[in-house]
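One structure is given below, encoded as C-alpha cells.
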Amino acid sequence: MAIYLGNLKTKEILKRLGVELEEDVVKEMEGKRIDNADVPVGRWHGFDIPFQITCGDIETARYITDILSPLAGEFKTQIQIAHK
C-alpha cells in the first residue's frame, strides 16, 4: 500500500522546484488545485511525499506538464506528474 503525504499549493511547489511563473498562470493552476487527495477530473493535488502532482485525468496532467516542462532545466529537484 502506497502512502502519500501533504497538500502543497502551487507556490509551494514552485518554491521547492526553484522556479517562478507569471502570477496569472499561478492563479489559473491554483484554480484547478483541490485540497482533497481523491482528485476528480479537471483537478490536481500536490503531494509533499512523494513530491508529486496527481491529476484527475490525462488532460489535466498534460496541462500541468505543458506549464512546467519548459522550466525543467531549472528545477532544483525532481517532481512526478501522474494521473488516475
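Please treat every number below as a calculation from the coordinates, not as lab data. Note that the structure is predicted; figures quoted are calculated from it, not measured. Every residue, glycine among them, receives a Cβ derived from its backbone with ideal geometry; neighbour counts consider all protein chains shown.
So which of Ile53, Ile34 is closer than 17 Å to His83 by Cα and either under 10 Å from the mean Cα position of the chain (by Cα) or of a type in the set (Asp, Glu) (or both)?
Exactly one of Ile53, Ile34 is closer than 17 Å to His83 by Cα and either under 10 Å from the mean Cα position of the chain (by Cα) or of a type in the set (Asp, Glu) (or both), namely Ile53.
Considering only the stretch 44-72, state which residues are outside any loop (DSSP other than H, G, I, E, B) and either in contact (Cβ under 8 Å) with a residue 60 or more places away in the chain or of a type in the set (A, V, I, L, M, F, W, C) (or both).
The answer is Trp44, Phe47, Ile49, Ile53, Cys55, Ile58, Ala61, Ile64, Ile67, Leu68, Leu71, Ala72.
Against the condition of a type outside the set (S, T, N, Q), assigned to a loop (DSSP other than H, G, I, E, B) and free of Cβ contacts under 8 Å to residues at least 40 places away in the same chain, how does Glu20 come out, does it pass?
Details: of a type outside the set (S, T, N, Q): yes; assigned to a loop (DSSP other than H, G, I, E, B): yes; free of Cβ contacts under 8 Å to residues at least 40 places away in the same chain: yes.
In short, yes.
Could you tell me which of the residues Leu17, Leu21 is in contact with a Phe, Trp or Tyr (Cβ under 7 Å, 6 or more places away or on another chain), within 18 Å of Ala72 (Cβ to Cβ) and not charged (D, E, K, R)?
Leu17
Can you pull out the residues in the stretch 31-84 that are surrounded by fewer than 16 Cβ atoms within 10 Å (Cβ to Cβ), in contact with a helix residue (DSSP H, G or I) (Cβ under 9 Å, 6 or more places away or on another chain) and under 12 Å from Asn7 (Cα atoms)?
Selection gives Asp48 alone.
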